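Down below is the structure, laid out as structure tokens.
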Amino acid sequence: MRVIRNLITVLLLFALCGCTALQKRVTVTGLAGAALGGIIGHQGGDSLKGAALGGLAGTTAGLVFSTDEKKKTEYEKGYAAGYRQGQIDYANSSWRMKTGQCGDYKDLTNCKKGGAKCDE
């Protein structure tokens, strides 16, 4: 019995290795809710319904109360901001090139950053 329990634990840990932080938090809160619901449901006479409702409540609570923005490191926040700014800059330069506002279509060195005028 102990071997089976350890094997199940190891398999669950392997299953969680590829998950994001949000998915891990939701899984853990769902399992905790199911365990608590099973215990409470057992007192009322139906542990299966209690576990199902507890798992649903735990999963919902994990989704509602976990925010990834608070959990991000400064590096991750800076990377996300830089990525968004790069997308904006690329879209602006592409638009200026396609509309002929920057002279040569293939040369971005003439475009001023943030403006639609070209260097002369």
Task: Estimated FRET transfer efficiency (Ile40, Lys72; beta-carbon r; R0 35 Å; 0.05) - done: 0.50
Open item on the list: Quick check: pseudo-label points 7 Å beyond the Cα along Cα→Cβ at Ala32 and Leu11, how many nm apart are they?
Closed with: 2.5
TODO: Between beta-carbons, use under 13 Å as the cut-off and find the net charge around Leu16, counting Lys and Arg +1, Asp and Glu -1.
DONE: +2
- [ ] Apply the Karplus parameterisation 6.51 cos²θ - 1.76 cosθ + 1.60, with θ equal to phi minus 60°, to every residue of segment 43-49 and state each ³J(HN,Hα) to the nearest whole Hz, in sequence, with x for glycine and proline.
- [x] 5, x, x, 9, 6, 5, 5
TODO: Evaluate the relative contact order of segment 2-71 (contact order divided by residue number), counting alpha-carbon pairs under 8 angstrom at least 6 apart; express in whole percent.
DONE: 31
Open item on the list: At 0.692 mPa s and 37 °C, plugging the Kirkwood radius over alpha-carbon pairs of segment 2-71 into Stokes-Einstein gives what diffusion coefficient in µm²/s?
Closed with: 253
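Read the figures in this text as sums done on the coordinates, not as results from a lab. This structure is a prediction, so every number in the text was calculated from the model and none was measured. Quick reminder, even Gly has a Cβ in these numbers, built from the backbone with ideal geometry, and neighbours come from all protein chains shown.
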